[in-house]
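The values are calculated or read from the model by the stated rules, or taken from the named source; none is laboratory data. Keep in mind the model is a prediction, meaning the values are calculated, not measured. We place every Cβ from the backbone using ideal geometry, glycine too, and count neighbours over all the protein chains shown.
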Amino acid sequence: MTKPELTIPPFEPTPLEEIPKIAATLRESFRSQKTKDVEWRLVQLRKLWWGIQDYSELLQAALKKDLNKAWNEAIFSEITHTSSDLQLTLKKLKTWVKDDKDLDYPLSFAPLRPRIKKEPLGSALIIGPYNFPVMLNLAPFIGAIAAGCTAIIKPSESAPATAMVLKQLVENYLDTTCFAVVNGAVPETTALLEEKWDKIFYTGGSAIARIISRKAAETLTPVTLELGGRNPAFVTPAADLKLAARRLMWGKTLNAGQVCMSHNYVLVHRSVVDGFVAALNATTREFYPQGAQASPDYARIVNERQFDRIKKMLDNTRGKIVMGGENDRDDLFIAPTAVLVDSIDDSMMQEESFGPIWSILPYDDLDEAIKVANSVDPTPLTVVTFGSKEENEKILNRITSGGATINDSYMHGAVSTLPFGGVGESGTGSYHGRASFDCFTHRRTVVATPSWMESLLRSRYPPHSPFDFKL
Ligand code: NAD
């Protein structure tokens, strides 16, 4: 293992002609049976763990360069999150790989000793997004290694520094005949999609997910899709407004709101709108006494394209900015911004903001508010609620979502070992912890019919008679 270099290499796409060769090497390695050995997988996972520790500072520097991610955010939402998922996998893998024998079947089949054998799916392609480029590439990768797959990571070109450091890390620490990082944008991803995979794991927007799903369908390749959506939050008159404001502000200021689970709009009971807006403004002053732009704790929008998209939502709103609104394209800065809107037709409600801006939509009746949320996006990635116990339950029972948090912003996603995933338009499949192992595993049912059963089985053979014993 080479000690990490102290500099971040300039972004270099993988040459297109290399891609089929890398994919072929991985397929060949999978066929060699090397990855089926559980001890070998554990060695690779341990090496990855050490790689993450050794590269921790360089990864933090890369995240700073790509997103101006504050060091504490880089540590807790990327490096620690990934490391604790990896630690659990190291601890539990020997249990997860065991055959399942605790199965439901009629007693008459007991002599066949039914079991489910855990088989790796094969060679996996992992395509990652830019917002949490360490965690969102490595978490599925951990699952692929644990399950016994070979795997390629294709990080987002929009976080180029992190993409290059991840490539170094994987090449310096892992078996490069089984694992690789391919860097690049659309041409490189398209070339990867021309290859035959046994599993594609994609995290990103739903438009690209459709391209990937169409391509995967041509070869009947299974896909897991981790997508976004327009996530609602609810603040009812029963909520502690200060607490709700603080926690929702945290959810929208972490990584400058470039979080798939963050709320896009808050349905606030009309009677508490003024109090909630006052609490939001007080929280901004508390979090950023010198203003968010001057704060070392506040990230930037990843690039001009994303900045312009978010700014357009703000420029076109008919609503009233009740907090923030400042922005600076040269610095890719957009302040935490809340806009009071009166309709779901407003530009602020028309797409996922994936940035530090969100709408406040007042409501008078909770049943109506739930209907509104279901019409804006029937299957968001997240729902968060600040209300009474009954109100929270009512909201959760009537709105489908990938995950949900009560009395906080998306904390369900912070528990790095629990299954995480979307539903409907926000994705399909889940991962993290045991779910990551399952995601890259085929559950193969195996039975063994004992020879001595032949006399019991004779009725299944022709010629049949009306007196055949029925099993
Ligand atoms: P992105 O621009 O980084 O793209 C994601 C990946 O798709 C990249 O690796 C990119 O190279 C690849 N890609 C881009 N165009 C492609 C094409 N034409 N063909 C094949 N691949 C292509 O990220 P994004 O898509 O803008 O990410 C933001 C979205 O991702 C948001 O909707 C967000 O909610 C969602 N997201 C979801 C999760 C989750 O866990 N559910 C996590 C993060 C982001």
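Some values worked out for this structure:
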item: Residues of the range 400-427 satisfying the condition of being out of contact with any strand residue (DSSP E or B) (no Cβ under 8 Å at 6 or more places or on another chain), of a type in the set (Gly, Ala, Ser) and not in a helix (DSSP H, G or I); result: Ala414, Ser416
item: Residue check for Glu157: of a type in the set (Asp, Glu), in contact with a Gly (Cβ under 7 Å, 6 or more places away or on another chain) and within 16 Å of the ligand (Cβ to nearest atom); result: yes
item: Verdict on Thr95 being part of a helix (DSSP H, G or I), of a type in the set (S, T, N, Q) and within 16 Å of the ligand (Cβ to nearest atom); result: no
item: Residue check, Gly229 within 14 Å of the ligand (Cβ to nearest atom), within 22 Å of Gly413 (Cβ to Cβ) and touching a His at 6+ places or on another chain (Cβ under 7 Å); result: no
item: Residues of the range 428-445 classified as surrounded by fewer than 20 Cβ atoms within 10 Å (Cβ to Cβ) and in a strand (DSSP E or B), total; result: 5
item: Check on Ala239, in a strand (DSSP E or B), out of contact with any Asp or Glu (no Cβ under 6 Å at 6 or more places or on another chain) and within 22 Å of Ile399 (Cβ to Cβ); result: no
item: Flag for Leu26 being within 14 Å of Phe179 (Cα to Cα) and at pLDDT 95 or above; result: yes
item: Residue within the range 322-332 that is free of Cβ contacts under 8 Å to residues at least 24 places away in the same chain, surrounded by 17 or more Cβ atoms within 10 Å (Cβ to Cβ) and more than 21 Å from Phe132 (Cα to Cα) present; result: yes
item: Qualifying residue in the range 355-375 (condition: at pLDDT 95 or above, surrounded by 23 or more Cβ atoms within 10 Å (Cβ to Cβ) and β-branched (Val, Ile, Thr)); result: yes
item: In the range 172-191, the residues that are more than 8 Å from the ligand (Cβ to nearest atom) and either outside any loop (DSSP other than H, G, I, E, B) or farther than 15 Å from Ile145 by Cα (or both); result: Asn172, Tyr173, Phe179, Ala180, Val181, Val182, Asn183, Pro187, Ala191
item: Unique match (being surrounded by 20 or more Cβ atoms within 10 Å (Cβ to Cβ) and of a type in the set (A, V, I, L, M)) among Leu59, Leu121, Leu16, Leu107; result: Leu59
item: The one condition in (1) among the basic types (Lys, Arg); (2) within 19 Å of Leu248 (Cα to Cα); (3) under 25 Å from the mean Cα position of the chain (by Cα); (4) surrounded by fewer than 17 Cβ atoms within 10 Å (Cβ to Cβ) that Arg309 fails to fulfil; result: (2)
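Condition check ((1) near the ligand (Cβ under 10 Å from one of its atoms); (2) surrounded by fewer than 16 Cβ atoms within 10 Å (Cβ to Cβ); (3) modelled with pLDDT of 95 or more) across all residues:
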| site | (1), (2), (3) |
| --- | --- |
| Lys196 | no, yes, yes |
| Ile200 | no, no, yes |
| Ser206 | yes, no, yes |
| Ala217 | no, yes, yes |
| Ala245 | no, no, yes |
